[in-house]
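Peer 1: The structure that follows is given in the form of structure tokens.
The values are calculated or read from the model by the stated rules, or taken from the named source; none is laboratory data. Predicted model only: the values in this text are computed from it and were never measured. Here the Cβ positions follow ideal geometry from the backbone for every residue, glycine too, while neighbour counts run over all protein chains shown.
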Amino acid sequence: MPSITPADVLARRRRLTLSGDADGYADLFAPDAVIESAFAPPGAPSFMKGREAIREYSRQVMASPLRVEEFEVAELYQTQDPEVVVAEMRTTGTLTTTGRSFEAASLHILRIREGQIVHFRSYADPRVLDDVTGELGQGS
């Protein structure tokens, strides 16, 4: 049986994100996985541990008025550690309550072991959400 590559895991992550499948998304993570968001916006966790915490938060995000319409890996870099990849992501979507669209670039560092994400670091600029919602950081 061929091994699951990081690119395979990221392709599945894309499909699950676009389809709004929070449970399938959470199942990509190991039971004790960690997510760190260096620039988490107010109200969002900067650290999560465990698949079930990831599942709960994923359900909230996917039920929110932010609709992701495209979520693509623009570049994927393999590091010297075969478990670690760096993904440059491009995301587009719409805030359904206002119809305002957004585009975001982010950088993700992932440790993927045996087809499951065990550590995920996200570097995304929260000002994108500020621009779309107008709720965060007024005047900054």
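A quick yes/no check of all residues on (1) over 12 Å from the mean Cα position of the chain (by Cα); (2) surrounded by 14 or more Cβ atoms within 10 Å (Cβ to Cβ); (3) within 17 Å of TYR123 (Cα to Cα):
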{"residue": "SER3", "(1), (2), (3)": "yes, no, no"}
{"residue": "THR17", "(1), (2), (3)": "no, yes, no"}
{"residue": "GLY24", "(1), (2), (3)": "yes, yes, no"}
{"residue": "GLU36", "(1), (2), (3)": "no, yes, yes"}
{"residue": "PHE39", "(1), (2), (3)": "yes, no, yes"}
{"residue": "GLY50", "(1), (2), (3)": "yes, yes, no"}
{"residue": "PHE71", "(1), (2), (3)": "no, yes, yes"}
{"residue": "GLU75", "(1), (2), (3)": "yes, no, yes"}
{"residue": "ARG90", "(1), (2), (3)": "no, yes, yes"}
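Peer 1: List every residue pair whose Cβ atoms sit under 7 Å apart, with the two residues 6 or more apart in sequence or on different chains, where the first one lies in the stretch 38-66 and is over 17 Å from LEU28 (Cβ atoms) and without any contact (Cβ under 8 Å) to a residue 24 or more places away in the chain and the second, anywhere, is of a type in the set (D, E, K, R) and surrounded by 13 or more Cβ atoms within 10 Å (Cβ to Cβ).
Peer 2: SER46/GLU36; PHE47/GLU36
Peer 1: Have a look at SER19, SER3, SER46 and point out the one that is over 24 Å from GLU83 (Cβ atoms) and hydroxyl-bearing (Ser, Thr, Tyr).
Peer 2: It is SER19.
Peer 1: Which is part of a strand (DSSP E or B), among the basic types (Lys, Arg) and either at pLDDT 95 or above or touching a Leu at 6+ places or on another chain (Cβ under 6 Å) (or both), of ARG111, ARG67, ARG59?
Peer 2: Within the list ARG111, ARG67, ARG59, the selection yields ARG111.
Peer 1: Then there's this: Identify, by number, the condition in (1) in a helix (DSSP H, G or I); (2) free of Cβ contacts under 8 Å to residues at least 40 places away in the same chain; (3) over 16 Å from ARG111 (Cα atoms) that ARG12 doesn't meet.
Peer 2: For ARG12, the exception is condition (3).
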